[in-house]
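Below is one structure, written out as structure tokens, with a few remarks after it.
The values are calculated or read from the model by the stated rules, or taken from the named source; none is laboratory data. Worth saying up front: this structure is predicted, and the values here are computed from it rather than measured. In this analysis, Cβ positions are derived from the backbone assuming ideal geometry, glycine residues included, and neighbour counts consider all displayed protein chains. We work out accessible area using only protein heavy atoms, side chains counted, and drop any ligands, DNA or RNA first. Shrake-Rupley method; radii C 1.70, N 1.55, O 1.52, S 1.80 Å.
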Amino acid sequence: MARAVLALLWLRWALSCAAPPNVVLLLMDDMGWGDLGAFGEPSKETPNLDQMASEGMLFLDFYTASPLCSPSYTPQDIVGGIQDSEILLPELLKKAGYTNKIIGKWHLGHRPQFHPLKHGFDEWFGSPNCHFGPYDNRAHPNIPVYRDWEMIGRYYEDFKIDLKTGEANLTQIYLQEALDFISKQQASQQPFFLYWAIDATHAPVYASKHFLGTSQRGLYGDAVREIDDSIGKILKHLQKLGISENTFVFFTSDNGAALISAPKQGGSNGRFLCGKQTTFEGGMREPAIAWWPGHIPAGGSLRAKYNSLGQAEENMRPKPTVLFSVSKLNNVLKVSRQLGSVMDLFTTSLSLVGLQPPSDRQIDGIDLLPAILQGKLIDRPIFYYRGNEMMAVRVGLYKAHYWTWSNSWEEYSKGIDFCPGQNVSGVTTHSQEEHSTLPLLFHLGRDPGEKYPLSFASDEYQGVMRRISVVVQQHKDTMVPGVPQLNVCDKAVMVSC
Ligand SMILES: *[C@@H]1O[C@H](CO)[C@@H](O)[C@H](O)[C@H]1NC(C)=O
Ligand SMILES: *[C@@H]1O[C@H](CO)[C@@H](O)[C@H](O)[C@H]1NC(C)=O
């Protein structure tokens, strides 16, 4: 009898271990690197995210693929969208038996052929665009909100956003959707992929009544506090249902904080230069946390070793150190210095499920699981694009700018400043400056704010640029430019979502 029970237990264990993990991607909108307590935000108002970081792994060198979320101006102007030829993560996960839900912003086209349910998602609650508005109801209808195929209302009309007080219940609604979906999937024992792409931190920022006026940082901080609270509830829900050890959660943001809206309607990029829309660190470096209880090994920060050319070296020593105290906790954080990209979440999620990325095309992302689970450091460059132009590249701790541009003099003269208070002569330029023959080189370890370009004549510059040139040449040789699918035009680099 005891044997049979043991055998059963073993079988259950074996089965549960073999079950592919659920995947939850929490994507923030315009949240900056400096917005979380765990990343050094001084008012420490993100206890749940800080706790998530202390239980998981913090990435300090994680990047977005583009310094703005989607080239759009007003929703009616976009005619393009995601093409059927693109293979999306939920399409592949669906084949592996996953149920996929997107909650929040889709932003890959609003026409019927671009609908998320045509691109691998089984369920949708949210909108094809940001909560811009309110618009004139006749000429310019407000942005629609969908449940699956059905349009169930519109922002401002049916889903209220009070621009005077900043009150809206949307984050609470998106939270409830997430909790319900997770419960339903757990009850039916189906693996799931949840993409929670909420937008309370995108101007006009909002929070529900309970959170309004609670932050030391104003309305933007209220929105962050509500998101933090919601993420805490999502993680606790996974724990309560007993599926946290079988659910991989990743938190990040779509681009840096929108400094044109800060401080009331925008966040902080910490020590980094400029913000959203630029390819300086403030535009592209993102807060990032991986969470997977029972899988991410405990203790120690992972220290990268770089050689003199800025290449990451494999032999790192996990070393328990308290890097900074986190809110009320004083936990040891696991910090990875792996250079990561949001594009890696595609490959990493497939790897979690045991799937290979499609072989008929070049995939830019890498599998981050060796970095997350074994503390490995994979040497790889990061490319900074603005539109079709490779503006900069990071190799190890070095970053070379091939082009510099903040925004046009015309915009700047109207008071639109992507780098408020941060004029770095010859770097935060208002004309598009090419430096391809002599790129501006920064050492991000010594100078994370990109203020002091290395001397062109130095041995350091010469040695590092020799290596970076090879990386850039390889990249350009193998680059297959995509055809723009959203109507990319100059509007893309102006005030947009
Ligand atoms: C938010 O929900 C509460 C409770 O249902 C309601 O009283 C309030 O009017 C809602 N606020 C908005 C802006 O919709
Ligand atoms: C930035 O500083 C440089 C040098 O001090 C100056 O020439 C330039 O006009 C400044 N740019 C702006 C936008 O203030």
(message) Please determine whether any residue of the stretch 133-152 is surrounded by fewer than 19 Cβ atoms within 10 Å (Cβ to Cβ), of a type in the set (Lys, Arg), in the same structural domain as residue 178 (by TED's automatic domain parsing) and not in a loop (DSSP other than H, G, I, E, B).
(response) yes
(request) Quick one: residue 212 ticks every box in (1) away from ligand 1 (no atom under 16 Å from the Cβ); (2) aliphatic (A, V, I, L, M); (3) over 29 Å from residue 346 (Cα atoms) except a single one, so which number is it? (result) (1)
(request) Answer yes or no as to whether residue 427 is open to solvent by 70 Å² or more (accessible area, probe 1.4 Å), away from ligand 1 (no atom under 16 Å from the Cβ) and outside any helix (DSSP H, G or I). (result) no
(message) Of the residues 470, 483, only one is free of Cβ contacts under 8 Å to residues at least 60 places away in the same chain, more than 16 Å from ligand 2 (Cβ to nearest atom), outside the structural domain of residue 412 (by TED's automatic domain parsing) and surrounded by fewer than 18 Cβ atoms within 10 Å (Cβ to Cβ); which?
(response) 483
(request) Identify all residues within the stretch 386-423 that are in a helix (DSSP H, G or I) and buried (at least 16 other Cβ atoms within 10 Å of the Cβ); write none if there are none. (result) 411
(request) Looking for whichever is in the same structural domain as residue 32 (by TED's automatic domain parsing), closer than 22 Å to residue 135 by Cβ and open to solvent by 30 Å² or more (accessible area, probe 1.4 Å) here; the options are 163, 170. Which one fits? (result) 163
(request) Report yes if some residue within the stretch 189-203 is within 16 Å of ligand 1 (Cβ to nearest atom), of a type in the set (D, E, K, R) and open to solvent by 30 Å² or more (accessible area, probe 1.4 Å); otherwise report no. (result) no
(message) Of all residues being under 27 Å from the mean Cα position of the chain (by Cα) and near ligand 1 (Cβ under 10 Å from one of its atoms) in the stretch 163-175, which is nearest to residue 198 (Cα to Cα)? Just the residue, please.
(response) 170
(request) Please state which one of 460, 450, 434, 410 is within 16 Å of ligand 2 (Cβ to nearest atom) and more than 25 Å from the chain's Cα centre (by Cα). (result) 410
(request) Could you tell me whether any residue of the stretch 367-376 is over 19 Å from the mean Cα position of the chain (by Cα), under 30 Å from residue 44 (Cα atoms), in a helix (DSSP H, G or I) and not aliphatic (A, V, I, L, M)? (result) yes
(message) Which of the numbered conditions does residue 87 fail, given that it passes all the others? Conditions: (1) within 22 Å of residue 30 (Cβ to Cβ); (2) open to solvent by less than 60 Å² (accessible area, probe 1.4 Å); (3) assigned to a loop (DSSP other than H, G, I, E, B).
(response) (1)
(request) Sort out which residues of the stretch 179-223 are over 22 Å from residue 102 (Cβ atoms) and in a helix (DSSP H, G or I), and write them in order of number. (result) 219, 220, 221, 222
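This table checks each residue for (1) open to solvent by 50 Å² or more (accessible area, probe 1.4 Å); (2) more than 16 Å from ligand 1 (Cβ to nearest atom); (3) part of a loop (DSSP other than H, G, I, E, B).
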| residue | (1), (2), (3) |
| --- | --- |
| 104 | no, yes, no |
| 107 | no, yes, yes |
| 117 | no, yes, no |
| 125 | no, yes, no |
| 130 | no, yes, yes |
| 157 | yes, no, yes |
